[in-house]
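Visitor: A single structure is presented below for examination.
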Amino acid sequence: MSIVFIISAPSGSGKSTLVNELRRSVPNLKFSISYTTRPPRGSEHDGNEYFFISRPEFEEMLKRDEFLEHADVFGNYYGTAKRFLREARETGSDLLLDIDVQGAKQIKEKLPEAVSIFVLPPSRKELEQRLRRRSHAEGVEREDVIQRRLHTASKEIENYPNYDYILVNDRLEQSIDDLKAIVLAERAKRSGAAIAGDSEKILATADRCRRCNARENIDSILASFA
Ligand code: 5GP
């Protein structure tokens, strides 16, 4: 049975890097390419990061009930096509969804056994610095955009209690290791098969990221957003 992994994070938390690294380094994990009505950014191209479609096309897909979940994020539609789950099940691979908090909620309602991971920035200050660096690099340093993203981030963070794992993205290498450990530990748990390599360390790492064990870290981060 395929395991569905959901990963959500406020914009600027470094989620894309983590997702890309996970896709590169963990075999048998199919990435669900979402459909969106937002235009491509930078070097993005159709069928790679997203399928870029028009609003009428998206609405047609909705009518045909082709989405497992969908949401309006920052004024654009985003949706996960049902066919990705079907294909993952057919090929016996796991499925990775990079979706927002609204989508994660819908998936958990339909597939309660899905594994959800919420990526948190180390603090509000750090998130603000990252957002500023990114908008500077993109050549669009707009204060209103940064403030809106920070505001959205604090709202999204309130959803952390709905997630199974919390990953504080402080040091990239550590976060990648944590993320891989979560995937491997969940696979082992469900299949009963042994983990190749240092299984005790991997299980302990994943356990540390369980929401119930990450309380102390979360409290100080939440306080920085209050
Ligand atoms: P961006 O436009 O920056 O790539 O993504 C904006 C947000 O939309 C991110 O939080 C991303 O996780 C979320 N997102 C991407 N694809 C989907 C999707 O298919 N469904 C939902 N609900 N959110 C998505």
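Visitor: Show the residue pairs that are 6+ apart or on different chains and have beta-carbon atoms under 7 Å apart, the first residue being within the range 8-26 and under 21 Å from Ser135 (Cβ atoms), the second being aromatic (Phe, Trp, Tyr) and open to solvent by less than 40 Å² (accessible area, probe 1.4 Å).
Guide: These pairs meet every condition: Ala9/Phe118.
Visitor: I need the helices (runs of 4 or more DSSP H) fully contained in the range 111-226, keeping only those with at least 2 residues that are within 25 Å of Met1 (Cα to Cα) and touching an Asp or Glu at 6+ places or on another chain (Cβ under 8 Å).
Guide: 172-191, 199-209
Visitor: Residues of the range 1-17 being buried (at least 20 other Cβ atoms within 10 Å of the Cβ), within 12 Å of the ligand (Cβ to nearest atom), not in a loop (DSSP other than H, G, I, E, B) and not β-branched (Val, Ile, Thr), which ones?
Guide: Ser8, Lys15, listed by residue number.
Visitor: Kindly indicate the residue of the range 28-50 that is within 28 Å of Asp177 (Cα to Cα) and open to solvent by 90 Å² or more (accessible area, probe 1.4 Å) and also farthest from the ligand (Cβ to nearest atom) among those meeting that condition.
Guide: If we take residues in the range 28-50 being within 28 Å of Asp177 (Cα to Cα) and open to solvent by 90 Å² or more (accessible area, probe 1.4 Å), then Asn28 is farthest from the ligand (Cβ to nearest atom).
Visitor: Taking the range 166-207, which residues are exposed (fewer than 14 other Cβ atoms within 10 Å of the Cβ) and closer than 19 Å to Ser123 by Cα?
Guide: Arg171, Leu172, Glu173, Gln174
Residues checked against (1) over 16 Å from Ser8 (Cα atoms); (2) out of contact with any helix residue (DSSP H, G or I) (no Cβ under 7 Å at 6 or more places or on another chain):
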residue	(1), (2)
Phe52	yes, yes
Phe67	yes, no
Val73	no, yes
Lys105	no, no
Ile117	no, no
Arg124	yes, no
Gly139	yes, yes
Asn162	no, no
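Visitor: Within the range 125-137, is even one residue open to solvent by less than 20 Å² (accessible area, probe 1.4 Å) and farther than 26 Å from Cys209 by Cα?
Guide: Kept after step one, since they are open to solvent by less than 20 Å² (accessible area, probe 1.4 Å), are these residues of the range 125-137: 127, 131, 135.
Within this subset, residues satisfying the condition of being farther than 26 Å from Cys209 by Cα are 135.
Yes, the range 125-137 contains a residue that is open to solvent by less than 20 Å² (accessible area, probe 1.4 Å) and farther than 26 Å from Cys209 by Cα.
Visitor: On to the next question. Restricting attention to the range 51-75, which residues are in a strand (DSSP E or B), open to solvent by 40 Å² or more (accessible area, probe 1.4 Å) and closer than 24 Å to Glu109 by Cα?
Guide: His70, Asp72
The values are calculated or read from the model by the stated rules, or taken from the named source; none is laboratory data. Computed from a predicted structure; not experimentally measured. All Cβ positions, glycine included, derive from the backbone under ideal geometry; neighbour counts span all protein chains shown. Heavy atoms of the whole protein, side chains included, go into the accessibility calculation; ligands, DNA and RNA do not. Shrake-Rupley method; radii C 1.70, N 1.55, O 1.52, S 1.80 Å.
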